[in-house]
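Note sheet for the following structure.
The values are calculated or read from the model by the stated rules, or taken from the named source; none is laboratory data. In this text the structure is predicted, and so the values were computed from the model without any measurement. Cβ sites come from the backbone with ideal geometry, for glycine too, and all protein chains shown count toward neighbours.
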Amino acid sequence: MLTGGPGSEKTSIIDGLIGRAVYCVPEATRDIIAEQLRISGSAVPWSDARTFRELMLARDIDTYYANLERMHVANRTQAIVNAQEC
């Protein structure tokens, strides 16, 4: 799991890992925000942080279980703990 605040180069690190054939999973945060904006939903950190955190947690749990058998998983998620900052 890779964590860090905004602008701390997490995406650059992930892109470098992908370039070295390390398996990575998508970041839930960006996907959820994009989905919510597409459907005019309110579960975004600046509008409904609680529901946003719940969606992130559910997505991250699903991702975890879907990837249990993979070795050397690098997760694009900023970590469930960081969701508390919303």
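In region 3-20, the residues that are in a loop (DSSP other than H, G, I, E, B) form Cβ pairs under 9 Å with partners that are hydrophobic (A, V, I, L, M, F, W, C) and modelled with pLDDT under 80, at six or more places apart or across chains, as follows: Thr3/Ala79; Thr3/Val81; Gly4/Ala79.
How many residues are part of a loop (DSSP other than H, G, I, E, B), under 15 Å from the mean Cα position of the chain (by Cα) and modelled with pLDDT of 75 or more if we restrict to region 35-84? Looking only at that region, the number is 4. Name the residues in region 12-69 that are of a type in the set (Val, Ile, Thr) and in contact with a Cys (Cβ under 7 Å, 6 or more places away or on another chain), would you? Across region 12-69, the qualifying residues are Ile14, Ile18. Within region 24-65, the set of residues being surrounded by 13 or more Cβ atoms within 10 Å (Cβ to Cβ) and either of a type in the set (Asp, Glu) or in contact with a strand residue (DSSP E or B) (Cβ under 6 Å, 6 or more places away or on another chain) (or both) comprises Cys24, Val25, Glu27, Asp31, Glu35, Asp48, Glu54, Asp60, Thr63. Of the residues in region 13-21, at least one is of a type in the set (A, V, I, L, M, F, W, C) and more than 22 Å from Leu68 (Cβ to Cβ).
Scanning region 23-34 for residues that are charged (D, E, K, R) and outside any helix (DSSP H, G or I) gives a single hit, Glu27.
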